[in-house]
Every structure is written in structure tokens, then in C-alpha cells.
Amino acid sequence: MFLNILTIPKDDPVAFTFFTGYMAMMAASVFFFFERSRVSKKWQLSLLVSGLITFIAAVHYYYMRDYYLATGENPTALRYIDWTLTVPLMCVEFYLLTKAAGASKSLMWKLIIASVWMLVFGYIGEAFNPEGGSTSHSVMYGILSTLGYIYILFSAWKGEVAQLAEKSNNPAIKKSVRILAWFVLVGWAIYPIGYMCMPGGWLNTSLGWSSANVDLFYNIADAINKIGFGLVVYGLAISQSNLETEKA
Ligand SMILES: *C/C=C(C)/C=C/C=C(C)/C=C/C1=C(C)CCCC1(C)C
């Protein structure tokens, strides 16, 4: 068992993405934490949140990696604990970006509640999937979960978040919120694909995609979304801080 923990099997892309995912999250955290001192006060909290998102993920990847190598199974509980901490923090990022345009705490809480809704039903769908896999179970909880996802998606594209970004009269904020909205539309849509690979899931039953692919999709999506989200916020923070010093 210990040997397993220390080696990455050559023919196991899932194990490979657990290792690289861990290292990438760690490196991104160091980057965001260090760069905090380079942006103006106003933006430091946003960078701190970016760093916390990747750092919390790095710690979970450390354990998920070992769990996967030791058991060969999907580390479902660790995965959802990670997400339950990090996805609400991504909602906080939306709030921080639109705060100057008047975003209220209630907007932040609505997004957080929608994200927890999405994850609780996703967790029930995966963790309580009957032995051998049940399509009706997977579909029912998948749909319930998707309602939370759609709420956040709508807010970012058309609803409150989008409207506040518009109201900010700041083209850089508008652009960044739009890029983050693209992340939610495209990057976050990778997760349901992974979900459908579990036994009983549509891609598992119709195309025969194995449940090993669940983690492959989740790991790739996490790297894109967590690091990508953070970099968009970072780019905005740097450009706005530079503008402020030019004006001063
Ligand atoms: C850093 C982690 C992130 C951004 C995780 C996002 C997760 C999702 C958008 C998950 C969505 C799901 C559905 C929309 C339906 C099926 C169940 C989930 C939980 C995989």
C-alpha cells in the first residue's frame, strides 16, 4: 500500500492529474499570496480569496491523490468538501468585483446558497448512488443540482451580477465579469460531464465511459476553473492598481 502511495502508475492518467493538479494548485497559491503585495489595498482581499481557493484545493488534492492511489476509488467525500469550501469563495469573488457598483451582501448569500444547493444534490447523486449504479437516481439528483448551477449562470450572464457589472461603468470590470461568466458557462459545464460517467450515469450507460473518468474530468475542470478564475481576478487587480497609481 505504501509503495502505491509513492509511485504514479505509468498507465494511469487519473493519478497523473491528481499529482499535477496538486502541484499546480500549490504553485498558484504561492503566486497569488506573493502578488498580493503588488496590488492596491482595495484589491488585496480579492487576491487573498484567489489564493485561498487554490490553497484549499491543494490540500484536498494532497489527500485525494493518496486516497485514489491507495483504493483506486473516487475520493467523493473529499472532493465535495473541497468544492463546498471553494465554490462559495468563487461566489465571493463575484461579489467583491461588483461591490463598487453596489452589490449587496444578499447577492453574495444568494449565490452561495445556490452553489451549496448545487453541491448537496450532486453529492447525494454520487455518494448515495445504489450499488451498480442507478440511472434514475443519477438523473434526478443531477437535475436538482443543475438548478443551482443555472441560477449562478443566469446571475453572471443576465441577472444581478451582470447588471451590476454593467452599472459599474468600468470597462475593465465589465470585461472581467464577462470572462468569469464564460468560465461558469464552459469551465463549470465540464463537471456534469464527469458526473455522468459514474455507474448509472448517461455517459457510462450509453457510451461505456468508465467511472475512472469522473476524476479525470473533475481534475481538469478544477485546474481550469480555480487557477483561471484567480488569474482573471489577478489581471484585473494589477491593471486597476496601475491605473490608480498613474492617477495619483
Ligand atoms: C472549484 C470547483 C468548482 C468550480 C466546482 C464546480 C462544480 C460544479 C459546477 C458541479 C456541477 C454539477 C452539476 C451541474 C450537475 C451534476 C452534479 C455536479 C455537482 C457535478
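Only one entry of 101, 70 meets the criterion of being surrounded by fewer than 20 Cβ atoms within 10 Å (Cβ to Cβ) and not in a helix (DSSP H, G or I), and that entry is 101. For segment 171-198, the set of residues classified as outside any helix (DSSP H, G or I) and buried (at least 18 other Cβ atoms within 10 Å of the Cβ) consists of 188, 196, 197, 198, listed by residue number. Residue count for segment 152-180, restricted to those that are closer than 15 Å to residue 95 by Cβ and free of Cβ contacts under 8 Å to residues at least 40 places away in the same chain: 3. Every listed requirement among (1) outside any helix (DSSP H, G or I); (2) away from the ligand (no atom under 13 Å from the Cβ) is met by residue 129 save one, (2). Screening 224, 238 for residues that are within 13 Å of the ligand (Cβ to nearest atom), in a helix (DSSP H, G or I) and surrounded by fewer than 19 Cβ atoms within 10 Å (Cβ to Cβ) leaves exactly one candidate, 224. Among the residues making up segment 138-159, those that are more than 12 Å from the ligand (Cβ to nearest atom) and surrounded by fewer than 20 Cβ atoms within 10 Å (Cβ to Cβ) are 154, 157, 158, 159.
Values in this text are rule-based calculations from the coordinates and carry no lab data. Please read all numbers here as calculations on a predicted model, not as lab measurements. Every residue, glycine among them, receives a Cβ derived from its backbone with ideal geometry; neighbour counts consider all protein chains shown.
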